[in-house]
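Here's the structure we're looking at; comments come further down.
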Amino acid sequence: MSAKIEERVEEIVRGLLTTVPELELVDVEYVRERDYYLRVYIDKEGGIDIDDCQALSERLEAILDREDFIPDTYILEVSSPGIDRVLRKPRDFERERGKQVDVTLYAPFDGKKQWTGALTDCDGKILTLDGGIQIPMEQVSQIRLHIDF
């Protein structure tokens with residue numbers, strides 16, 4: 001059910017963003033924590049601001065209220081994915097190619113459970129880091145942009 005909600009919200013947001021081409025949809029997630037949350041993550045070159053989030057939130061909320069396809073009571077959040085964003089979708093890997101990532105594995109691969117390196121490719125089955133390191137995606141728990149303090 002949540003996948004269908006995420007998919008429909010993604011369609012709506014993509015339609016809304018056709019009028020604001022500098023904004024990019026990064027991700028949509030519908031999750032239950034204490035309450036249900038519908039989170040929409042957006043970004044643009046140079047970063048987004050509160051006005052970007054508010055404008056999209058208001059337009060999206062009007063459509064969601066009108067279509068009323070989400071059966072639960074939920075909290076809508078529109079925000080930046082943050083500097084330590086998780087990479088999930090093919091477009092994430094395309095966009096972040098060449099950047100440093102932190103990779104966490106379910107079990108050690110080549111003796112390590114944590115890897116950091118420049119993302120050179122991800123075809124959905126194999127994650128490739130600089131130096132020719134190839135990690136099967138089925139072993140990957142999470143991939144985040146690396147933050148260097």
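Values in this text are rule-based calculations from the coordinates and carry no lab data. In this text the structure is predicted, and so the values were computed from the model without any measurement. Reconstructed Cβ throughout: ideal geometry from the backbone, glycine too, with neighbour counts over all protein chains shown.
Within the same chain, lysines fewer than 8 places from K99 are excluded, and of the rest, those with a Cα less than 24 Å from its Cα are K44, K89, K112, K113, K125. Relative to the 2.2 N^0.38 Å rule of thumb, the chain has a C-alpha radius of gyration ratio of 1.17. Helix 2-17 axis versus longest C-alpha principal axis of the chain: approximately 70°, rounded to the nearest ten. Estimated translational diffusion coefficient (Stokes-Einstein, Kirkwood radius over Cα pairs, 20 °C, 1.002 mPa s) of the stretch 83-149: 184 µm² per second.
Spacing of the modelled spin labels on A107 and E77, each 7 Å from Cα toward Cβ, amounts to 3.4 nm. Once the Cα atoms are used to define both axes, helix 50-67 deviates from the longest principal axis of the chain by about 60 degrees. Mean-square fluctuations from a GNM of the chain, with a 10 angstrom spring cutoff on Cα atoms, peak among V101, V20, V28 at V20.
Using only Cα coordinates, the Kirkwood hydrodynamic radius of the stretch 2-79 works out to 12.7 Å.
Remark: the chain carries a charge dipole of roughly 560 debye about the Cα centre, counting +1 on each Lys and Arg Cβ and -1 on each Asp and Glu Cβ. Between A55 and T116, the C-beta separation translates, for a Förster distance of 35 Å, into a calculated FRET efficiency of about 0.45. Projecting label points 7 angstrom from Cα along Cα→Cβ for D130 and R97 puts them 1.6 nm apart. Under the convention that each Lys and Arg Cβ holds +1 and each Asp and Glu Cβ holds -1, the size of the dipole of the stretch 90-145 around its Cα centre is about 140 debye.
Between D68 and D148, the contour length at 0.36 nm per residue exceeds the Cα-Cα span by 24.5 nm. Protection proxy ranking for 9-16, 30-37, using the average of other Cβ atoms within 10 Å per residue and placing the highest first: 9-16, 30-37. Length gained on full extension, D35 to E22: 1.5 nm, using 0.36 nm per residue less the C-alpha separation.
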